[in-house]
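Below: one structure, written as structure tokens.
The values are calculated or read from the model by the stated rules, or taken from the named source; none is laboratory data. All values derive from a computational prediction rather than experimental measurement. FYI the Cβ positions are ideal-geometry reconstructions off the backbone, even for glycines, and counts take in every protein chain you see. Only protein heavy atoms, including side chains, enter the accessible area calculation; ligands, DNA and RNA are left aside. Shrake-Rupley method; radii C 1.70, N 1.55, O 1.52, S 1.80 Å.
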Amino acid sequence: MSDTPLNWRAAQAAAAQLLAGWQTAGQPGGAITLFDKDITQAVVCAGLADLARREPFTADTVVRYASITKHIFAALALNATDNALQLNDRLGSLLPELQGQLAEVTVGQALDMTSGLPDIRQTLGLLGVSVNTVSEAQPVMEFIHGLTRLNYPAGSEITYTNTGYRLVEAALKTKGYTFDDLVQQHLARPLDVQLQAPESWFDVVPGLVPGYWHTANGWQQTSAGLHLSASGSLTGSANGLTRWLQCLLANRGPGKGVLTQLSAPRLLSHGQISHYGLGLAQTPLGSQTLLGHGGSHAGYKTYFLLAPDRQAGALLVANREDCDSFAIILQVMTKLLSEPLPQRSTAIPDGIYATRAEPYWLEVKGGNVAYLGSNEPLFQSEDGYAVSLSAHQPMRLKWTGEAVEGEVGHVARRFLPVASETLCLKQVQGHWYHPQYRTAFEICGNQIHIGVGPAVQTGTLSSLGDGRILVESNDGPNLNRFCLYFRGYQVDLIASRSRVLTFKKNISARA
């Protein structure tokens, strides 16, 4: 444990400076709490909770925690259900409707991001289903039951996906446990805080404020139609979440033993240690190893980091899409712990790179890397590599002068610069369809069209060579980027979280 005193004053000043831009009139906002195991040391708030009512954002403002929910669900699933499931249980033994490779995934893999389960939201997006399209629980589960393939063999790499949490929650429901009931019984009432886990974006949650994103027409409210799950359904305030995090730091009450349990090392199938546990991620910061997690729903951003050895932490909640929650809370923690901010890396030249004869690609731009469309900042490591600080998207890369080499998701990859060419585009014009889901897309020139009428989504195409085309399209506040990987009269749709869809060429339609 460090002998350097915690610098609460510097951390509070940093928080105030980082949120200062949100004080401009008419902007959404957020709150940062700084706390030890016993008390809240400081609170910084900025902006508005509700733009229509002009209500200021406070530490009691209710927001969507989004994926911060994950570690809370994992804690309750493992500790408050009378051993209803074990980490080594096969999902197929708990949910007999699951088919093929999905049935062989274990509960532990479903919770630690090594499952290979395709993320349902991204999979539906690839099929042309907008983020705003409303869906109910049963049709979503039936869709999952129709899947037979994983993104990769379970346990072989790590990639973020929400589907594992949805399936473990469904397994607990078959045993009589609902997530919200567990939350009320074991957290909300014992801690005397308002927490709620709605199943729909449109369920009434007392005090819940809108989320916002900025468009050409100004700030607008967001929505999301996918049935919510324990991957990100929990709602509450900064103060309410702080109370729970203090229990974790103090190792008391409902938080007793939880930090150790959820952050215990997880192993991939080839023996590699993962720094993502069960809804908790390790983040290195100087001499410290922090534990935390972020959350992102349309219009809401959250993040917390804990320093268990110092029994201190910081939390951010916000109701605005443009919030870089990780960068903000990391800077606050550097001040609190008197640790240097990790240095960004620009050692890899800007450009688009792809593996040979595979659909894997990445783009480097200004010290940031997008791997299969998923963005991460790059930082300098002591051994000369550029690394991410993300435990669920670990990257360790270097520029050799002719290629980008290293690991992504704990898998060795070698990416070569993509040469500009247009031949591939000329060969793939026309209609492509998916017989199982009765959907199709059309390629016209350098554009792709998915959907019908006013709901059609249009994307821009650019060639990656070797039968690969990069697609960029917008769906509400989201920029979607994925790869079309052509193999004769078939094309695989490859994105960071979903790689299981194959479309076929409609050779009877006029191109």
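Of all lysines in the structure, those lying under 23 Å Cα to Cα from LYS256, and not within fewer than 8 positions of it along the same chain, are LYS37, LYS70.
With R₀ set to 51 Å, the beta-carbon distance separating TYR489 from ARG344 gives a calculated FRET efficiency near 0.70.
Taking only protein heavy atoms and a 1.4 Å probe, what accessible area per residue, in Å², does segment 238-361 have with all protein chains in place? Let's see the in-between values first.
Numbers: 4430 Å² over 124 residues.
Accessible area per residue, segment 238-361: 36 Å².
The spacing between segment 338-370 and segment 75-102, judged by their C-alpha centroids, is 37 Å. Counting only residues at least eight positions apart within a chain, or on another chain, the lysines with an alpha carbon under 19 Å from that of LYS426 are LYS504, LYS505. Accessible surface calculations at 1.4 Å, restricted to protein heavy atoms, place segment 34-80 at 34 Å² per residue. Rolling a 1.4 Å probe over the protein heavy atoms of segment 356-427, with every protein chain left in place, gives an accessible area that is 47 percent carbon and sulfur. Summarising the label geometry, the points placed 7 Å from Cα in the beta-carbon direction at ALA10 and ILE507 lie 6.8 nm from one another. Which of the three applies to segment 32-134, rounded, prolate or oblate, going by the alpha-carbon gyration tensor with a ≥ b ≥ c and a/c under 1.5 meaning rounded? Cα axes put segment 32-134 in the oblate bin. Our estimate of slack between ASN375 and THR81, defined as 0.36 nm per intervening residue step minus the Cα-Cα distance, is 102.2 nm. In deg cm²/dmol, rounded to 500, what helix-only [θ] at 222 nm does the chain give when every DSSP H run of at least 4 residues adds -39500 (n - 2.57) and the total is split over its residues? Value at 222 nm, helices only, nearest 500: -5500 deg cm²/dmol. When peptides 384-395, 156-167, 51-62, 351-362 are sorted by average Cβ neighbour count within 10 Å, with the highest value leading, the order is 156-167, 384-395, 351-362, 51-62.
Quick one: with all protein chains in place, what share of the accessible area of segment 202-273 is carbon or sulfur, to the nearest percent (1.4 Å probe)?
Values: 1610 of 3040 Å².
About 53 percent, which is the carbon plus sulfur part of the accessible surface.
Tell me which lysines have Cα within less than 20 Å of LYS365's Cα, excluding those fewer than 8 residues away on the same chain? Straight-line reach from LYS365, under 20 Å: LYS398.
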